[in-house]
Amino acid sequence: MNGTNTINVTKRDGSIQAFDLEKVHKVLEWAIEDISGVSMSEIELKANIQLYDKIPAYDIHELLIKSAAELISEQTPNYQFVAARLISYKMRKEAYGEYSVPPLTMIIERNVELGVYDKEITNLYTEDEIVELSNYIKHERDDTFTYAGMEQFRGKYLVQDRRTKQIYETPQVLYMMVAMTLFSNYKDNRLKYVKDYYDAISQFYISLPTPIMAGVRTPTRQFSSCVLIESGDSLDSINATATSIVRYISKKAGIGIGAGSIRALGAKIADGSVVHTGLIPFLKYFQSAVKSCSQGGVRGGAATVYLPLWHYEYEDLVVLKNNKGTDETRVRHMDYAFQFNKLMYERLIEGGNITFFDPNDVPGLYEAFFVDQDKFKELYEKYERAHSIRKKSLPALEVFQSFLTERKDTGRIYLMNVDHANDHSSFIARRAPIRMSNLCCEIDLPTTPLNGPDDEDGEISLCTLSAINWGLINEPHEFEKYCDLTVRALDELLDYQGYPIPAAMKGTLNRRPLGVGIINLAYFLAKRGLKYDESAYEVVDEYAEAWSYYLIKSSANLAVEKGKMIYNTDTKYSQGILPIDTYKGAIDNLIAHRERLPWKDLRKQLRETGIRNSTLMALMPAETSAQISNSTNGIEPPRALVSYKQSKDGVMAQVVPAYHHLKNKYDLLWEQQSPEGYLSICGILQKYIDQGISVNTSYNPENYEDNKIPMSVMIQDLFTAYKLGLKQLYYFNTYDGAGEMKEDEHHTYDTGTTNIEEEDCDACTI
């Protein structure tokens with residue numbers, strides 16, 4: 001740093017002293033130790049440009065972090081570890097006043113006294129136990145984080161005062177406190193479970209969602225990521241839905257809203273002296289509820305609304321997000337999913353029409369849409385023939401084209417195949433139908449409309465998430481340990497957390513649903529030399545089988561140990577029916593069905609002793625957790641070897657795992673010629689999953705004539721997804737090559753050559 005002899009520094013107490021270059025040298029020497037391909041002088045040179053007289057001491061360290069981070073590139077990827085170490089150093093100084101971490105006992109006592117830790121933790125563990133766990137913590141694991149991961153920690157997860165930015169803990173303390181809290185009620189082998197779980201999450205074998213990372217150990221008692229709220233057609237139900245949205249948005253949850261039963265514009269009310277205002281005013285009402293509270297002071301809430309494709313107002317609903325039209329006809333700050341079934345696809349194949357009805361005018365149709373496809377077809381055709389019923393009709397091709405046009409143009413109009421969601425579900429549809437999904441299109445759980453916010457006859461579904469890091473698994477049998485730890489921890493969480501609405505407690509404690517997903521699939525494939533194509537089918541099938549088997553087996557064993565869930569008979573599991581018994585046969589054309597594990601014995605156990613959790617698997621987005629774990633995002637192909645994520649803290653660079661060894665092995669998203677291989681792998685995974693997958697469709701226009709994605713291609717991909725049994729389609733991503741950052745509240749967009757992406761909503765990413 002040249003010329004720094006004229007620079008003075010403003011200390012925290014307001015005093016002024018000369019800038020000490022030697023201190024900077026020492027910190028940087030420590031930060032680059034044993035890291036290849038980095039230079040202390042490069043960091044100093046970059047920082048020097050930004051120094052100014054009387055700079056606050058606090059800002060100098062931030063300059064060093066920023067300077068190291070700006071040097072991260074494909075040519076010099078290891079600066080990500082230097083920047084992370086610099087953040088770690090700064091966090092420790094801020095949290096503890098020095099780099100050394102004090103004993104856990106002292107940290108807990110201080111944080112309980114400050115009110116930032118749950119005081120219950122001091123009553124649940126003896127001092128000797130806390131001392132033992134304090135000695136077990138491996139603070140050196142902080143050195144394994146990358147810049148993006150460490151930034152996520154200090155921005156979102158560490159307990160802190162968001163006004164003053166005072167930090168009260170560091171990552172390894174967070175991990176140990178989460179483990180201690182979740183296993184606090186265990187009596188046998190409690191400390192062993194705490195240590196094992198701490199090792200699993202701090203070494204990234206298991207990843208956790210935002211509500212757990214940020215909330216467990218604090219006085220907060222809501223840790224479910226996904227909330228599914230179904231609205232009925234009455235004003236009482238609509239108001240109860242809005243109230244429920246507000247209560248859960250304030251708790252950092254992502255919201256799925258089922259609004260498909262609300263009657264259409266022009267419907268008669270009472271004797272016909274009043275006509276209904278239709279769906280759109282009530283969607284505006286829900287939107288206001290969603291945006292009414294910020295989530296932990298970080299961002300606004302987010303929701304996806306679910307609507308049947310055949311709703312009378314379809315033509316107005318499908319354009320709600322586009323930029324044409326007036327504010328009176330648009331509701332842009334929520335996302336929308338349209339619900340399809342086999343009949344809709346048949347109408348397209350046959351060149352027929354899709355008829356739109358007001359759900360209020362066609363008794364039994366909305367219910368049958370989810371429960372009984374034969375009954376739905378019978379009623380649908382009956383109502384089409386009835387001259388007295390208000391209806392509209394459009395060519396199916398025109399309907400599909402309008403849906404896909406809006407999906408492509410906004411990236412945010414989603415799809416749900418409701419027949420697959422019910423047929424390939426762990427629930428018996430006539431007892432517990434699936435009528436909707438969640439914000440990010442991977443959760444499939446039963447719901448019942450509320451007639452008031454405290455209505456105990458209604459049911460709000462919550463799902464509590466986690467994920468297994470496939471990239472760290474070398475053999476299928478290794479899943480057993482991590483699946484068991486995950487199921488045990490999440491199941492404990494259901495009893496530990498609070499429920500602001502009775503209907504949510506009813507659904508959660510009676511059904512005990514969990515959603516365990518996958519991160520780092522792209523790395524898993526790359527290190528085996530596999531692509532998102534037929535080369536990977538056999539391996540993905542083998543590992544997915546083991547992952548699914550051990551999750552179900554863990555819950556079955558837990559049912560013996562702690563008791564089966566109350567609504568056990570609502571599940572196919574109670575009959576010994578597994579996901580591998582209800583998947584779509586088209587998957588067998590990709591990979592022949594094999595049962596490598598003792599599924600027969602598991603079926604027998606499930607029939608005899610039941611299951612603890614009604615659902616166990618769901619493949620969610622994993623943006624934030626992937627960054628923390630130095631993993632690729634969920635099951636997604638990476639967009640680039642170095643990607644840049646837009647967050648509230650700025651742009652963060654992230655490098656794919658094992659860059660130096662595998663940079664030529666990764667199957668990058670925009671180099672793929674079509675979504676077919678990715679969709680096929682999703683189909684193979686879906687075979688083993690009792691809930692759904694956040695499946696994206698991504699297109700590079702450069703692969704098509706005139707750089708335009710043909711409508712026929714997009715329609716064919718819908719058919720492919722349906723044929724393979726996929727339940728939902730999430731984002732529509734288009735590569736534009738422009739290199740411009742596209743702003744939005746929670747969508748991940750491609751941004752061309754610079755590969756800058758907006759980070760996903762905290763609520764539903766893990």
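Please treat every number below as a calculation from the coordinates, not as lab data. Not measured: the values here are computed from a predicted model. Neighbour counts run over all protein chains shown; Cβ positions are idealised from the backbone, glycine included.
What to note about this one:
- Simple spin-label estimate for TYR99 and TRP30 in nanometres, 7 Å along Cα-Cβ: 0.2 nm
- Packing rank of 606-617, 15-26, where each peptide gets the mean count of other beta carbons within 10 Å, highest leading: 606-617, 15-26
- Proximity of backbone amide H atoms, modeled 1.01 Å from N, is registered between ILE434 and no other residue at under 5 Å, excluding neighbours fewer than 5 places apart on the same chain.
- Positive-end residue of ASN613, GLY529, GLY692, charge dipole of the chain with Cβ unit charges: ASN613
- All Cα pairs of region 225-269, percent lying beyond 14 Å: 51 percent
- Helical mean residue ellipticity (222 nm; -39500 (n - 2.57) per DSSP H run of 4+; nearest 500) of the chain: -12000 deg cm²/dmol
- Pairs over the 18 Å Cα-Cα cut-off, from the set LYS481/LYS527; LYS26/LYS138; LYS251/LYS645; LYS90/LYS645; LYS192/LYS481: LYS481/LYS527; LYS26/LYS138; LYS251/LYS645; LYS90/LYS645.
- Residue (of ALA214, ALA503, PHE732) at the positive-pole extreme of the chain, dipole from beta-carbon charges: ALA503
- Local net charge near TYR383, Cβ-Cβ under 13 Å (Lys/Arg +1, Asp/Glu -1): +2
- Taking label points 7 Å from Cα along the Cα-to-Cβ direction, LEU265 and LYS663 give a separation of 5.5 nm.
- A Förster distance of 30 Å, applied to the separation of the beta-carbon atoms of ASP143 and VAL539, puts the FRET efficiency at 0.40.
- Cross-link partners for LYS324 among the aspartates and glutamates, with Cα-Cα distance under 20 Å and sequence neighbours closer than 8 places in the same chain left out: GLU313, GLU315, ASP316, ASP335, GLU398, GLU406, ASP409, GLU743, ASP744, GLU745.
- For a paramagnetic label modelled on GLN203 (point 7 Å from Cα along Cα→Cβ), amide N atoms under 20 Å away belong, within region 445-480, to 467-480.
- Sorted peptide list for 129-135, 696-702, criterion being average Cβ within 10 angstrom, highest first: 696-702, 129-135
- Whole-angstrom gap from region 58-74 to region 14-38, using each part's C-alpha centre: 12 Å
- Listed peptides 313-322, 225-234 by packing density, highest first (mean Cβ within 10 Å): 225-234, 313-322
- In this calculation the C-beta distance from LYS54 to GLN673 is compared with R0 = 60 Å, giving a FRET efficiency of 0.60.
- Once the chain from ASP188 to ASP20 is taken as fully extended at 0.36 nm per residue, the excess over their C-alpha distance is 55.0 nm.
- Sites LYS392 and ASP236 - FRET efficiency at Förster radius 22 Å, r taken between beta-carbons, to 0.05: 0.15
- In this Cβ point-charge picture (+1 for Lys and Arg, -1 for Asp and Glu), region 226-419 has a dipole of about 780 debye about its Cα centre.
- Each distinct pair of alpha carbons in region 226-419 adds a 1/r term; the inverse of their mean, the Kirkwood radius, is 17.4 Å.
- Considering only LEU465, MET416, THR447, and ranking their Cα positions along the charge dipole of region 396-518 that arises from unit charges at the beta-carbon of Lys, Arg, Asp and Glu, the one farthest toward the positive end is MET416.
- Difference of contour (0.36 nm per residue) and Cα-Cα distance, ASP601 to LYS708: 33.3 nm
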